[in-house]
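For reference, the structure is listed below as structure tokens.
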Amino acid sequence: MTLSDQNRAPLYEALEELKTMHIVPFDVPGHKRGKGNKELTDFLGVKCLSVDINSMRHMDNLCHPTGVIKEAEELAGQAFGAKHAYFMVNGTTSAVQSMVLYVLKRGDKIILPRNVHRSVINAFVLCGAIPVYINPQINSDLGISLGMSYNDVVKAIEQNPDAKAVFVNNPTYYGICSNLKKITEIAHKHNMLVLVDEAHGTHLYFGEGLPVSAMAAGADMASVSMHKSGGSLTQSSLLLAGGNINTDYLRQVINLTQTTSGSYLLMSSLDISRRRLYLHGKDIFKTVVELAQYARDEINEIGDYYAYSKELVNGDTVFDFDVTKLSINTSGVGLAGIEIFDLLRDEYDIQIEFGDLENILAYISVGDSDKNIEQLIGSLSEIRRRYKKPRTSSLKHEYINPVVEMSPQDAFYAKKLSVEIKKTAGEICGEFVMAYPPGIPILAPGERITEQIIDYIIYAKEKGSLITGPEDMHIQRLNILQGGR
Amino acid sequence: MEFWYSEKHTENVYLSIKVDKQLYSSTSRFQRIDVFESFEFGRFLALDGFMMLTEKDEFIYHEMITHVPMAVNPDIKKILVIGAGDGGVLRELIKYSTIETIDVAEIDEEVVNVCKKFLPKTACGFDDERVNIYYQDGMKFIRRHVGEYDLIIVDSTDPFGPGEGLFTKEFYGNCYNALKEDGIMVNQHESPFYEEDAAAMKRAHKRIYDSFPISKLYQAFIPTYPSGHWLFGFASKKYHPLRDMNEAKWESFGIKTRYYNPNLHKGSFYLPNYVEEMLENVE
């Protein structure tokens, strides 16, 4: 395989060829290239349905690739600087699960920042691993969680020399990066693998002047949401493996949970997007960076909004900032991020990615035009003019060190009771309690509940923080473990 | 040889004009620009395949979008024109010696250059010393101006393509903000006749109605626009387009017009029942 092969998209080409062959389908899917479901074909189009096929000769098989899927995966591996890239059709969640299941078995420890995506802790329920959390630090002015301090990682490694892996977000939802290179070095020195959640980092592999990617930093595995900044279809994703990984064993791990009917729509979208990124990624992300920077400058000029960027970099908990992210603090306008999120949608027909108590996040991509960006800026300026309120006292963020009493798995499967939240101090929690902002779990299954935690949940709820996770949607009761006291 | 320009007015309706020759064609950063010479309508300009003006009927559009607000408030001194790359609006405005400043925010410099070269009868106001032209997106220009203008004229293309942002709620809000306390905004308001145009017309009216205390529509008959029946929006913070009309003062200017006159001004605000109904439904 040479670099010029990056001009090819083997899976896409095989599908194009298949279309010309007029094979009579006596296999699944039963819609038979769309002919059996007119309504669906009218909606999605003949082109789409004609390539919604099953594994067959010449089209390879995702569970055991030897042909065009293998070639396409190898090209993706080369493009991302990985030993191998796996096409994932169950979302980045399944890529994260596979990383965890590869490294950890029952009772094994992993060091990770508390602001990991829920899918990571859910993966511990599957394998029985024990999490060792690091305080990701919080920027109280902005109300966002940051990256891991390098010294905290070192301390955690020294205190848990038996841990098998270190987990890193690169970057966070808001664009914050930890010192991935140094974390990787110290982890490797202690024979720990480095797993990276790069759900928001596909572009780091192709753009210039962006934070370092996991593979370039020497990490061992990375889960990359190609469907976010990479332009492929929703739910398609890549799992990247570095040099230390046994790629055949990793395939077996992936097959534990991945579908045996991998969608060719999703896989071809990965193949085509990889080629596009390799050939044009530099220009694409140059444009995205320019659009985001233009929007940031204009939004900061409106006043009261704060679209933050590299000035947050402090060499440690904000080691780098991903400038393609347009994260905006809204507290100066006196409105919660979520209120602006709703106003943009209801009043100005604009759908943004995310809004929490103090921030909004608008996703900028190559699909945007000057016009879209102007519309967003103009709307934010109008919202300020029409709805501005005096600044309210913001939520004081407090990081409470979790006390992990048992593995999330044991807690998940244990017998539970529903108890009024105020009476749960001293019990072991049986479910998640998440607060947005700052997007950090307050409790995960298997953790000891304290008075301090209960007070914080009630306080954050009163302040308008969105609390999710518990079975009781009103967060008046919590599920606790029977006999956990 | 027969050479016809055809424009889709709906999926099932075309307007075709026999063309003598094509004078110009190019694609700018924003849109495709074409100029044709026709037998019936003289020269005409098309942007992205939609006719913007013909030499024969452009006077109707340009007179109606300018003289109506000028007759309501003859003391207008400072004007912002958004779009208007063809210069027709400027040609009408510079007839008023009382106007002091006309700022123009046009996104596409190439349209201006093409019109100056091929449509000199229309694009003749750019050199007036009161005119300042800014080649930038109107949406961006307007954000930086607060309480500054007596009149804003939105001479936009259709609400798809480069003109899309000029039909949004935040744009109208930003216009409101850029106007003085007695400011007026007049805009190209699409047609009520064919379904798709009517939908855009209603959407625009709802957004303007929500943004301004006074929001009325008036009509004109423009043969080369879809259905020929065209609307303009008159939105204002203070002046009513009929009750506050200053007929005598306008007459005193002695401005020569071919379509507009004060009686027609009044009549143009009386709309067909089906149009009134559409507007009521969104108010």
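The values are calculated or read from the model by the stated rules, or taken from the named source; none is laboratory data. Quick caveat: nothing in here was measured; it's all calculated off a predicted structure. All Cβ positions, glycine included, derive from the backbone under ideal geometry; neighbour counts span all protein chains shown.
Can you name every residue in the stretch A:367-396 that is of a type in the set (A, V, I, L, M), within 13 Å of chain B (Cβ to nearest Cβ) and farther than 20 Å from B:Phe212 by Cβ? Give the steps one after another, and end with the answer.
Within the stretch A:367-396, the first condition is being of a type in the set (A, V, I, L, M), and the residues that meet it are A:373, A:376-377, A:380, A:383, A:395.
Narrowing the set further to residues that are within 13 Å of chain B (Cβ to nearest Cβ) leaves A:373, A:376-377, A:380, A:383.
Scanning the stretch A:367-396 gives A:Ile373, A:Leu376, A:Ile377, A:Leu380.
Identify, by number, the condition in (1) buried (at least 20 other Cβ atoms within 10 Å of the Cβ); (2) not in a loop (DSSP other than H, G, I, E, B) that A:Asn151 doesn't meet.
Single failed check for A:Asn151: (1).
Quick check, is A:Gln97 in contact (Cβ under 8 Å) with a residue 24 or more places away in the chain, part of a helix (DSSP H, G or I) and surrounded by fewer than 21 Cβ atoms within 10 Å (Cβ to Cβ)?
On the way: in contact (Cβ under 8 Å) with a residue 24 or more places away in the chain: yes; part of a helix (DSSP H, G or I): yes; surrounded by fewer than 21 Cβ atoms within 10 Å (Cβ to Cβ): no.
In short, no.
When the stretch B:108-134 is examined, which residues are found to be more than 18 Å from the chain's Cα centre (by Cα) and part of a loop (DSSP other than H, G, I, E, B)?
B:Pro120, B:Asp127, B:Asp128, B:Glu129, B:Arg130
Out of A:Asp370, A:Asp356, A:Asp342, which single residue is at pLDDT below 95, of a type in the set (D, E, K, R), surrounded by 15 or more Cβ atoms within 10 Å (Cβ to Cβ) and within 24 Å of the chain's Cα centre (by Cα)? Even if it seems obvious, please write down each step before you answer.
Details: A:Asp370 fails: within 24 Å of the chain's Cα centre (by Cα); A:Asp342 fails: surrounded by 15 or more Cβ atoms within 10 Å (Cβ to Cβ).
From the options A:Asp370, A:Asp356, A:Asp342, the qualifying one is A:Asp356.
Being touching a residue at least 60 places away in the same chain (Cβ under 8 Å) and under 20 Å from A:Met215 (Cα atoms), is that true of even one residue in the stretch A:118-134?
Scanning the stretch A:118-134, I find at least one residue that is touching a residue at least 60 places away in the same chain (Cβ under 8 Å) and under 20 Å from A:Met215 (Cα atoms), so the answer is yes.
So which pairs qualify, if the first residue must be in the stretch A:33-60 and on the phi > 0 side of the Ramachandran plot, the second must be assigned to a loop (DSSP other than H, G, I, E, B), the Cβ gap must be under 6 Å, and the two must be at least 6 apart or on different chains?
A:Asp60/A:Gly67
Looking only at the stretch A:325-339, filter to residues that are touching a Gly at 6+ places or on another chain (Cβ under 7 Å) and buried (at least 23 other Cβ atoms within 10 Å of the Cβ); which one of those is nearest to A:Lys181 (Cα to Cα)?
The first filter runs over the stretch A:325-339 and keeps only residues touching a Gly at 6+ places or on another chain (Cβ under 7 Å), leaving A:325, A:327, A:330, A:336-338.
Applying the additional criterion that residues be buried (at least 23 other Cβ atoms within 10 Å of the Cβ) yields A:325, A:327, A:330, A:336-337.
Values: A:Lys325: 21, A:Ser327: 25, A:Thr330: 33, A:Ala336: 36, A:Gly337: 33 Å.
Looking at residues that are touching a Gly at 6+ places or on another chain (Cβ under 7 Å) and buried (at least 23 other Cβ atoms within 10 Å of the Cβ), I get A:Lys325.
Are there helices (runs of 4 or more DSSP H) fully within the stretch A:173-277 with at least 1 residues that are crowded, with 24+ Cβ neighbours inside 10 Å? List them. Steps first, please.
Working: elements: A:180-189, A:226-229, A:247-257.
Correct list: A:180-189, A:226-229.
Could you please find all residues in the stretch A:281-302 being within 12 Å of chain B (Cβ to nearest Cβ) and over 15 Å from A:Asn372 (Cβ atoms)? Walk me through it before giving the result.
Here is the first cut: in the stretch A:281-302, the residues within 12 Å of chain B (Cβ to nearest Cβ) are A:294-295, A:297-299, A:301-302.
Passing the criteria: A:Asp297, A:Glu301, A:Ile302.
Only residues that are in contact (Cβ under 8 Å) with a residue 24 or more places away in the chain and either within 14 Å of chain A (Cβ to nearest Cβ) or out of contact with any Leu (no Cβ under 9 Å at 6 or more places or on another chain) (or both): list them for the stretch B:185-208, please. Walk me through it before giving the result.
From the stretch B:185-208, those in contact (Cβ under 8 Å) with a residue 24 or more places away in the chain are B:185-198, B:200-208; that's our starting set.
Of everything in the stretch B:185-208, those that are in contact (Cβ under 8 Å) with a residue 24 or more places away in the chain and either within 14 Å of chain A (Cβ to nearest Cβ) or out of contact with any Leu (no Cβ under 9 Å at 6 or more places or on another chain) (or both) turn out to be B:Phe193, B:Tyr194, B:Glu195, B:Glu196, B:Asp197, B:Ala198, B:Ala200, B:Arg203, B:Ala204, B:Lys206, B:Arg207, B:Ile208.
Considering each residue of the stretch B:35-60, count those that are part of a loop (DSSP other than H, G, I, E, B) and within 18 Å of B:Ala84 (Cβ to Cβ), and give that number.
Quick first cut of the stretch B:35-60, residues part of a loop (DSSP other than H, G, I, E, B) only: B:39-42, B:48-49, B:55-57.
Keeping just the survivors that are within 18 Å of B:Ala84 (Cβ to Cβ) gives B:48, B:55, B:57.
Counting residues in the stretch B:35-60 that are part of a loop (DSSP other than H, G, I, E, B) and within 18 Å of B:Ala84 (Cβ to Cβ) gives 3.
With respect to A:Ser140, is the statement that it is at pLDDT below 95 and over 25 Å from A:Leu204 (Cα atoms) true? Talk me through it step by step, then tell me what you get.
On the way: at pLDDT below 95: yes; over 25 Å from A:Leu204 (Cα atoms): yes.
In short, yes.
Among B:Asp75, B:Asp48, B:Asp86, which is the only one that is surrounded by fewer than 18 Cβ atoms within 10 Å (Cβ to Cβ) and either modelled with pLDDT under 95 or among the aliphatic types (A, V, I, L, M) (or both)?
Details: B:Asp75 fails: either modelled with pLDDT under 95 or among the aliphatic types (A, V, I, L, M) (or both); B:Asp86 fails: surrounded by fewer than 18 Cβ atoms within 10 Å (Cβ to Cβ).
Exactly one residue qualifies, and that residue is B:Asp48.
All but one of (1) assigned to a helix (DSSP H, G or I); (2) among the small types (Gly, Ala, Ser); (3) away from chain B (no Cβ under 14 Å) hold for A:Gly315, so report the exception by its number.
Result: A:Gly315 passes all but (1).
Go through (1) within 18 Å of B:His240 (Cα to Cα); (2) at pLDDT 95 or above and name the single condition B:Phe221 misses.
The single condition B:Phe221 does not satisfy is (1).
Would you check which residues across the stretch A:15-72 are of a type in the set (Lys, Arg), under 30 Å from A:Ser98 (Cβ atoms) and under 32 Å from the mean Cα position of the chain (by Cα) and list them?
First, pick out the residues of the stretch A:15-72 that are of a type in the set (Lys, Arg): A:19, A:32-33, A:35, A:38, A:47, A:57, A:70.
Filter again for under 30 Å from A:Ser98 (Cβ atoms), leaving A:57, A:70.
A:Lys70 - this is the single residue of the stretch A:15-72 that is of a type in the set (Lys, Arg), under 30 Å from A:Ser98 (Cβ atoms) and under 32 Å from the mean Cα position of the chain (by Cα).
How about the stretch A:29-58: which of its residues are in a loop (DSSP other than H, G, I, E, B) and loosely packed, with under 11 Cβ neighbours inside 10 Å? Steps first, answer last, please.
Quick first cut of the stretch A:29-58, residues in a loop (DSSP other than H, G, I, E, B) only: A:29-37, A:45, A:51-55, A:57-58.
Matches in the stretch A:29-58: A:Gly30, A:Arg57.
Would the stretch B:98-107 turn up any residue that is part of a strand (DSSP E or B), surrounded by 23 or more Cβ atoms within 10 Å (Cβ to Cβ) and touching a Lys or Arg at 6+ places or on another chain (Cβ under 7 Å)?
yes
Before we move on, is B:Glu247 among the acidic types (Asp, Glu) and over 14 Å from B:Met70 (Cα atoms)? Break it down stepwise before answering.
On the way: among the acidic types (Asp, Glu): yes; over 14 Å from B:Met70 (Cα atoms): no.
For B:Glu247, the condition - among the acidic types (Asp, Glu) and over 14 Å from B:Met70 (Cα atoms) - is not met.
Looking at the stretch B:164-184, I want the residues that are away from chain A (no Cβ under 13 Å) and have a partner that is surrounded by 23 or more Cβ atoms within 10 Å (Cβ to Cβ) and part of a helix (DSSP H, G or I) with Cβ atoms under 8 Å, at least 6 apart or on another chain. Which pairs are those?
As it stands, the answer is B:Ile184/B:Pro69; B:Ile184/B:Val72, since those pairs meet every condition given.
Against the condition surrounded by 20 or more Cβ atoms within 10 Å (Cβ to Cβ) and either more than 19 Å from the chain's Cα centre (by Cα) or in a loop (DSSP other than H, G, I, E, B) (or both), how does B:Phe30 come out, does it pass?
Details: surrounded by 20 or more Cβ atoms within 10 Å (Cβ to Cβ): yes; either more than 19 Å from the chain's Cα centre (by Cα) or in a loop (DSSP other than H, G, I, E, B) (or both): yes.
Here the answer is yes, as B:Phe30 does meet what is asked.
Mind checking which residues of the stretch A:277-298 are of a type in the set (Lys, Arg) and under 20 Å from A:Asn329 (Cα atoms)? Let's see the steps before the verdict.
The initial filter retains those residues of the stretch A:277-298 that are of a type in the set (Lys, Arg), namely A:282, A:286, A:296.
The answer is A:Arg296, and nothing else.
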